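First up is the structure itself, then whatever we jot down about it.
The values are calculated or read from the model by the stated rules, or taken from the named source; none is laboratory data. It should be emphasised that the depicted structure is a prediction, and the values quoted were computed from it without experimental measurement. Using ideal geometry, Cβ is built from the backbone for each residue, glycine included, and neighbour counts are taken over all protein chains shown. SASA here: full protein model, heavy atoms, side chains in, ligands and nucleic acids out. Shrake-Rupley method; radii C 1.70, N 1.55, O 1.52, S 1.80 Å.
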Amino acid sequence: MSRLLRLTLIASTVAAALSLTATPANAAPPPVPSGCALQYFVIGAVSTCDPGTVNAHRVELHCQLLGAFPYMHFPVWGPEAPTFLPSIALCLPLHFGLGPTVHAR
């Protein structure tokens, strides 16, 4: 392997590793607020929160049809629930869930 090719390989590996560890300036908030828990399944998601941490919470889940193009997905929201009840979001039949998020107020 030539010296230039080896140097290029090392430089690209270092750049990739640094880009994975860097936090972007417009980073999104965490998917789960503090005091809440999220359980994610293939067809749905459940969120629960500790008493006294938030007033209400709801779970958002993006569902996609099996075998469809990646841009053909839609959000599904669970009901807004008080702290002592879970919020559950389920996908339609033949769909699977992607990227659940808990929203609290």
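A few remarks follow.
- Among the residues listed as 76, 54, 46, the single one being open to solvent by less than 40 Å² (accessible area, probe 1.4 Å) and over 14 Å from the mean Cα position of the chain (by Cα): 54
- Residues within region 34-48 that are assigned to a strand (DSSP E or B), small (Gly, Ala, Ser) and touching a Ser or Thr at 6+ places or on another chain (Cβ under 6 Å), tallied: 2
- Here residue 35 meets the list (1) open to solvent by less than 90 Å² (accessible area, probe 1.4 Å); (2) at negative phi; (3) at pLDDT 75 or above; (4) of a type outside the set (Val, Ile, Thr) almost entirely, failing just condition (2).
- Residue 26 vs. criteria open to solvent by 100 Å² or more (accessible area, probe 1.4 Å), out of contact with any Leu (no Cβ under 9 Å at 6 or more places or on another chain) and modelled with pLDDT under 90: yes
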